[in-house]
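The structure under discussion appears below in the form of structure tokens.
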Amino acid sequence: MLNEDQAALKDHAERFAREVAGPAALRKAKDEANGLDQALLGQVGENGWFSLLTSDEQGGTGLGYTELCLVSEAFGAGILPLPYAAVTGALRALGGREEFATGRKLVVPVLAASGNRTSLQASGSTITGAVKAIPLAQAADAFLVATDDLVALLPKGHTGISLTEHRAVDGTSLTGVSFDKVSVPDNAVIARGADAVRLRRELLLAIDLGQAAELIGLTTTAINVTTEYMKTRTQFGKAISSFQALQHMAVDCYMQSGIAHCLVLETARLADEGAPQAGALAAAARAKATDAALQATKTMIQLHGAIGFTEECDIGLYLKRALTVGTSYGTAKDHRRRALAGTQGNDRGRLLSFRSDSPEEAAFRQEVRDWLSQTLPKHLRNLPIRPSFEDARWWHKQLVARGWIAPHWPKEYGGMGATLSQRIILADELASAGSPEMSAQAVHHIGPTLIEFGTPEQKAKFLPGMLSGDVIWAQGYSEPNAGSDLSSLKTTAILDGDHFVVNGSKIWTTWAHYADWMFALVRTDPGAARQQEGISLILIDLKSPGVTCRPILTITGEDELAQVFMDNVRVPAENIVGKVNDGWRLANALLAKERFNGANPQRSLNLLAKIHGAANGTGVMDDPVFRERLTAAEIEVAALSATFSHLVSMSAAGKVPGAEFSHCKIFSSELQQSLCDLLVEASGDDAAIADPISYGEVRVDPGITWLQNRRATIFGGTMQIQRNIVAKQTLGLK
């Protein structure tokens with residue numbers, strides 16, 4: 001979350017970019033010598049933007065990486081044709097130089113971002129090697145050359161330096177810089193040894209984060225430009241924004257860009273805190289932002305149709321700029337390798353960590369971890385499916401006895417009254433220990449709904465049994481012909497005196513055949529103008545006359561689901577939750593909480609652990625192609641972790657995310673399925689074996705896990721419905 005000063009800086013940068021940049025500025029760059037608009041460089045410098053990271057004592061503003069990302073994002077939105085982050089990072093390393101800070105002269109960093117593409121090394125005071133694709137190096141006055149042994153400031157015409165200029169697709173220049181035994185005079189040396197290592201890492205951190213944010217900015221603008229175009233472009237007699245296939249294409253680009261944005265901002269926050277994992281995460285963020293930007297800008301061309309392929313349409317400029325920024329100072333593949341190289345062995349978890357516990361939180365985490373190690377039996381850990389009903393109830397009772405069954409409930413209702421951090425820690429540790437997945441219908445769904453909307457009598461009657469686990473609840477939402485289209489449900493509840501008479505059927509109800517009660521959506525006003533307006537939320541005793549249940553086996557052989565039939569079931573009118581005909585609003589509030597809980601990255605982290613165990617056990621880990629795919633998957637999990645952290649921050653600040661829940665649910669569910677595909681690949685010939693397989697200390701059920709996760713993109717609202725929500729509520733595509 002941004003503070004007041006950061007929000008003001010962001011607004012100021014956006015206004016500046018609108019005034020001096022935009023498509024016209026990028027078009028102008030190709031007509032300039034060396035691809036540089038000198039006047040634009042001066043405007044950026046004179047306004048102090050290059051001095052953002054330079055300390056106050058050295059004439060700068062002394063801000064941090066978060067602020068760098070905010071400004072870079074704004075400049076990316078304006079497709080500013082300058083290597084802003086690289087120059088700003090160089091100024092910080094130099095300690096500020098007026099001629100560069102004001103834009104009278106241009107300094108650009110020259111450093112090897114990837115060992116397999118470039119070579120640059122220093123021996124004593126001699127630099128040898130070559131670096132490709134340095135933005136605007138041909139137009140620069142000086143180079144900040146950074147190796148792990150030496151950092152030096154050299155003029156462009158220094159003896160032994162040669163340039164190979166190329167025009168980039170966006171009209172700027174990308175130059176190869178070669179060093180033929182270049183001798184560095186003492187007065188040109190900025191740092192040696194450990195100081196050189198530190199400066200180079202800080203410079204690369206600024207470039208990674210700044211360019212990632214720049215890519216996010218240009219992607220956001222490209223999506224906005226395209227969605228507005230879709231609302232006005234008509235085909236077959238209606239706006240193309242109404243075509244669901246096109247809506248979903250736009251949503252996927254928005255989602256991937258949004259996930260990358262969270263990864264960039266959360267990494268910048270860690271960098272400002274001096275977190276040791278910031279460097280590896282910045283490389284991961286740059287890889288993710290590059291992939292998202294290239295995919296999005298390509299798709300925006302497609303959504304424009306033929307006009308998008310013409311030079312007279314601005315949308316192509318965003319594609320060109322994305323390719324130029326996305327491949328300078330290394331490609332996405334290079335950044336993924338650097339992210340992997342920065343996190344080895346037991347340190348690997350740093351790539352996936354965005355939270356630092358306070359001493360109190362660390363103590364609570366250890367308390368939970370110790371209790372789980374003593375209490376959770378081995379046979380209930382890391383089950384690929386839900387436990388048996390008997391085992392689930394036993395584990396519920398253990399959590400009740402410890403006081404941890406309902407950390408999110410207020411103490412006055414028997415809950416733990418935990419802080420948001422404690423709730424996340426408890427969820428993390430339960431998942432990390434392989435705690436069995438239980439039905440959440442009572443404690444996580446209807447319980448909090450009753451606490452918020454229920455009457456005092458309803459709370460007194462129902463909440464104690466939910467906590468104790470003595471009363472089991474099921475959720476009655478879907479029907480045989482009303483699943484994704486839930487508002488078309490047909491189950492009716494007609495008032496008859498002081499009772500409602502319920503007729504209809506609910507399906508896919510988890511553990512309904514074991515449950516005592518069901519909270520259900522029913523139609524109480526069949527004549528309502530809108531389907532959603534005639535729906536109520538009601539509590540039904542499943543032992544009532546007229547109720548029958550039919551268990552349904554899943555493809556894993558689990559008796560998880562059931563169909564509930566209701567034939568003239570009489571339900572007291574006092575069992576309506578909230579107001580009559582207001583059930584749709586309550587249901588949406590409940591589903592938002594469910595999607596938030598479903599976005600917790602711990603399930604994906606557990607899958608990664610299984611993938612590592614299986615790949616090491618089968619020898620698949622020795623395959624470099626597999627390792628490449630695994631690294632890409634780990635970056636996706638890091639992005640999910642960052643997004644979850646961002647949503648948690650929003651919630652803690654009292655800002656309730658809306659459609660963000662939906663796009664996070666899409667990303668999380670589809671990521672779990674792709675991780676399961678990777679688990680099958682890691683398991684090799686063992687993949688289809690139904691019995692658990694042990695690889696050292698890691699137990700894996702690859703086939704069953706793969707089958708079980710088919711539900712991830714269906715339960716809680718299918719991915720297609722989630723995309724519809726984002727398309728309409730966020731992108732305004734109707």
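The values are calculated or read from the model by the stated rules, or taken from the named source; none is laboratory data. As the structure is a prediction and not an experimental result, all values here were calculated from the model. All Cβ positions, glycine included, derive from the backbone under ideal geometry; neighbour counts span all protein chains shown.
What is the number of the single condition among (1) surrounded by fewer than 17 Cβ atoms within 10 Å (Cβ to Cβ); (2) more than 30 Å from residue 699 (Cα to Cα); (3) within 28 Å of the chain's Cα centre (by Cα); (4) touching a residue at least 40 places away in the same chain (Cβ under 8 Å) that residue 432 does not meet?
The number of the failed condition is (2).
Residue 553 versus (1) at positive phi; (2) surrounded by fewer than 13 Cβ atoms within 10 Å (Cβ to Cβ): which is the lone unmet condition?
Answer for residue 553: the failing condition is (1).
Report, by residue number, each residue of the stretch 679-705 that is in a strand (DSSP E or B), of a type in the set (Val, Ile, Thr) and surrounded by fewer than 21 Cβ atoms within 10 Å (Cβ to Cβ). Lay out the reasoning, then the answer.
We begin by selecting, within the stretch 679-705, every residue in a strand (DSSP E or B); these are 693-695, 698-700.
Now restrict to residues that are of a type in the set (Val, Ile, Thr): 693, 698, 700.
Residues satisfying the conditions are 693, 698.
Taking the stretch 469-482 only, how many residues are within 15 Å of residue 535 (Cα to Cα) and free of Cβ contacts under 8 Å to residues at least 40 places away in the same chain?
Count: 3.
How about the stretch 40-145: which strands (runs of 3 or more DSSP E) wholly inside it have at least 3 residues that are aliphatic (A, V, I, L, M)? Don't jump to the end; show me each part of the working.
Numbers: elements: 107-111, 119-123, 126-135.
Answer list for the stretch 40-145: 107-111, 126-135.
Show the residue pairs meeting these rules: Cβ distance below 7 Å; 6+ apart or different chains; first residue within the stretch 237-266 and under 30 Å from residue 354 (Cα atoms); second residue assigned to a helix (DSSP H, G or I) and basic (Lys, Arg).
Pairs found: 248/723; 251/723; 260/288; 263/288.
Hey, among the residues in the stretch 488-538 that are outside any loop (DSSP other than H, G, I, E, B) and charged (D, E, K, R), which one's farthest from residue 548 (Cα to Cα)? Lay out the reasoning, then the answer.
Initial filter on the stretch 488-538 (outside any loop (DSSP other than H, G, I, E, B)): 488, 492-496, 499-506, 517-523, 531-538.
Adding the requirement that they be charged (D, E, K, R) leaves 496, 506, 523, 533.
Details: 496: 22, 506: 11, 523: 20, 533: 28 Å.
Only one residue fits best here, namely 533.
Can you find even one residue in the stretch 230-239 that is surrounded by fewer than 24 Cβ atoms within 10 Å (Cβ to Cβ), part of a helix (DSSP H, G or I) and aromatic (Phe, Trp, Tyr)?
No, the stretch 230-239 contains no residue that is surrounded by fewer than 24 Cβ atoms within 10 Å (Cβ to Cβ), part of a helix (DSSP H, G or I) and aromatic (Phe, Trp, Tyr).
Any chance the stretch 409-416 includes a residue that's in contact with a helix residue (DSSP H, G or I) (Cβ under 9 Å, 6 or more places away or on another chain), over 25 Å from residue 508 (Cα atoms), crowded, with 20+ Cβ neighbours inside 10 Å and not assigned by TED's automatic domain parsing to the domain that holds residue 506?
Yes, the stretch 409-416 contains a residue that is in contact with a helix residue (DSSP H, G or I) (Cβ under 9 Å, 6 or more places away or on another chain), over 25 Å from residue 508 (Cα atoms), crowded, with 20+ Cβ neighbours inside 10 Å and not assigned by TED's automatic domain parsing to the domain that holds residue 506.
Which condition number in (1) closer than 26 Å to residue 185 by Cβ; (2) surrounded by fewer than 21 Cβ atoms within 10 Å (Cβ to Cβ) is the one that residue 139 fails?
Status for residue 139: all satisfied but (2).
Under 6 Å between Cβ atoms, at least 6 apart or on separate chains: pull out the pairs that start in the stretch 625-640 with a residue that is under 13 Å from residue 604 (Cβ atoms) and end on any residue that is basic (Lys, Arg) and surrounded by 24 or more Cβ atoms within 10 Å (Cβ to Cβ).
Final answer for the pair search is 635/288; 639/288.
In the stretch 565-575, is there at least one residue being assigned to a helix (DSSP H, G or I) and buried (at least 17 other Cβ atoms within 10 Å of the Cβ)?
Of the stretch 565-575, the ones assigned to a helix (DSSP H, G or I) are 573-575.
Those left that are additionally buried (at least 17 other Cβ atoms within 10 Å of the Cβ): 575.
Scanning the stretch 565-575 turns up at least one residue that is assigned to a helix (DSSP H, G or I) and buried (at least 17 other Cβ atoms within 10 Å of the Cβ).
Does residue 95 meet the test of being over 23 Å from residue 336 (Cα atoms) and either touching an Asp or Glu at 6+ places or on another chain (Cβ under 9 Å) or not polar (S, T, N, Q) (or both)? Lay out the reasoning, then the answer.
On the way: over 23 Å from residue 336 (Cα atoms): yes; either touching an Asp or Glu at 6+ places or on another chain (Cβ under 9 Å) or not polar (S, T, N, Q) (or both): yes.
Considered against the rule, which asks whether it is over 23 Å from residue 336 (Cα atoms) and either touching an Asp or Glu at 6+ places or on another chain (Cβ under 9 Å) or not polar (S, T, N, Q) (or both), residue 95 comes out as yes.
What residue, of 279, 326, 330, is in a helix (DSSP H, G or I), at pLDDT below 95 and among the small types (Gly, Ala, Ser)?
Working: 326 fails: at pLDDT below 95; 330 fails: in a helix (DSSP H, G or I).
Criteria check complete, one pass: 279.
Criterion first (surrounded by fewer than 22 Cβ atoms within 10 Å (Cβ to Cβ) and at pLDDT below 95) does residue 60 satisfy it? I'd like the intermediate steps shown before the answer.
Numbers: surrounded by fewer than 22 Cβ atoms within 10 Å (Cβ to Cβ): yes; at pLDDT below 95: yes.
For residue 60, the condition - surrounded by fewer than 22 Cβ atoms within 10 Å (Cβ to Cβ) and at pLDDT below 95 - is met.
For the stretch 634-643, check the following and say yes or no: at least one residue is among the hydrophobic types (A, V, I, L, M, F, W, C), outside any helix (DSSP H, G or I) and surrounded by 15 or more Cβ atoms within 10 Å (Cβ to Cβ).
As a first pass, look at the stretch 634-643 and keep what is among the hydrophobic types (A, V, I, L, M, F, W, C): 635, 637-640, 642.
Then keep just the ones that are outside any helix (DSSP H, G or I); that gives none.
No: the stretch 634-643 contains no residue that is among the hydrophobic types (A, V, I, L, M, F, W, C), outside any helix (DSSP H, G or I) and surrounded by 15 or more Cβ atoms within 10 Å (Cβ to Cβ).
Scan the stretch 453-468 and give yes if some residue there is of a type in the set (S, T, N, Q), surrounded by fewer than 19 Cβ atoms within 10 Å (Cβ to Cβ), outside any helix (DSSP H, G or I) and at pLDDT below 95, otherwise no.
No, the conditions are met nowhere in the stretch 453-468.
Inspect all residues belonging to the stretch 449-468 and state whether any of them is in contact (Cβ under 8 Å) with a residue 24 or more places away in the chain, of a type outside the set (A, V, I, L, M) and touching a Ser or Thr at 6+ places or on another chain (Cβ under 6 Å).
The answer is no; no qualifying residue exists.
With small (Gly, Ala, Ser) and either free of Cβ contacts under 8 Å to residues at least 40 places away in the same chain or surrounded by fewer than 16 Cβ atoms within 10 Å (Cβ to Cβ) (or both) as the only criterion, which of 504, 534, 497 stands out? Break it down into steps so the answer makes sense when it comes.
Working: 504 fails: either free of Cβ contacts under 8 Å to residues at least 40 places away in the same chain or surrounded by fewer than 16 Cβ atoms within 10 Å (Cβ to Cβ) (or both); 534 fails: either free of Cβ contacts under 8 Å to residues at least 40 places away in the same chain or surrounded by fewer than 16 Cβ atoms within 10 Å (Cβ to Cβ) (or both).
Within the list 504, 534, 497, the selection yields 497.
Starting from residues that are assigned to a helix (DSSP H, G or I) and of a type in the set (A, V, I, L, M, F, W, C), keep the ones in the stretch 16-36 and report whichever is farthest from residue 75 (Cα to Cα). Break it down into steps so the answer makes sense when it comes.
If we filter the stretch 16-36 for residues that are assigned to a helix (DSSP H, G or I), which is where we start, we get 16-20, 23-29, 33-35.
If we keep only those that are of a type in the set (A, V, I, L, M, F, W, C) too, we end up with 16-17, 20, 24-26, 29, 33.
On the way: 16: 9, 17: 6, 20: 10, 24: 14, 25: 12, 26: 12, 29: 15, 33: 22 Å.
Looking at residues that are assigned to a helix (DSSP H, G or I) and of a type in the set (A, V, I, L, M, F, W, C), I get 33.
Between a first residue in the stretch 127-152 that is farther than 23 Å from residue 197 by Cβ and a second residue that is at pLDDT below 95 and part of a helix (DSSP H, G or I), which pairs have beta carbons less than 6 Å apart while being 6 or more apart in sequence or on different chains?
Short answer, once both residue conditions are applied: 138/34; 139/34.
Taking residue 170 as meeting all but one of (1) part of a strand (DSSP E or B); (2) surrounded by 16 or more Cβ atoms within 10 Å (Cβ to Cβ); (3) within 39 Å of the chain's Cα centre (by Cα), write down the number of the exception.
Status for residue 170: all satisfied but (1).
What tally of residues in the stretch 146-166 results from selecting those that are surrounded by fewer than 20 Cβ atoms within 10 Å (Cβ to Cβ), assigned to a strand (DSSP E or B) and under 38 Å from the mean Cα position of the chain (by Cα)?
2
(1) touching a Leu at 6+ places or on another chain (Cβ under 9 Å); (2) closer than 20 Å to residue 290 by Cβ: which one isn't true of residue 246, the others all being true?
Condition not satisfied by residue 246: (2).
Output the number of residues of the stretch 36-92 satisfying the condition of being of a type in the set (D, E, K, R) and farther than 23 Å from residue 190 by Cα.
To start, the set of residues in the stretch 36-92 that are of a type in the set (D, E, K, R) comprises 37, 46, 56-57, 67, 73, 92.
Cutting the leftovers down to farther than 23 Å from residue 190 by Cα gives us 37, 46, 67, 73.
Final tally of qualifying residues: 4.
Go through the stretch 417-429 and give me each residue that's buried (at least 18 other Cβ atoms within 10 Å of the Cβ) and aliphatic (A, V, I, L, M). Give the steps one after another, and end with the answer.
Just the residues of the stretch 417-429 that are buried (at least 18 other Cβ atoms within 10 Å of the Cβ), to begin with: 418, 422, 424-426, 428-429.
Of everything in the stretch 417-429, those that are buried (at least 18 other Cβ atoms within 10 Å of the Cβ) and aliphatic (A, V, I, L, M) turn out to be 418, 424, 425, 426.
I'd like the full set of residues that are crowded, with 17+ Cβ neighbours inside 10 Å and either within 27 Å of residue 699 (Cα to Cα) or among the basic types (Lys, Arg) (or both), limited to the stretch 357-388.
Narrowing the stretch 357-388 to residues crowded, with 17+ Cβ neighbours inside 10 Å: 364-365, 368, 372, 376, 380, 382-387.
Hits for the stretch 357-388 are 365, 368, 372, 376, 380, 382, 383, 384, 385, 386, 387.
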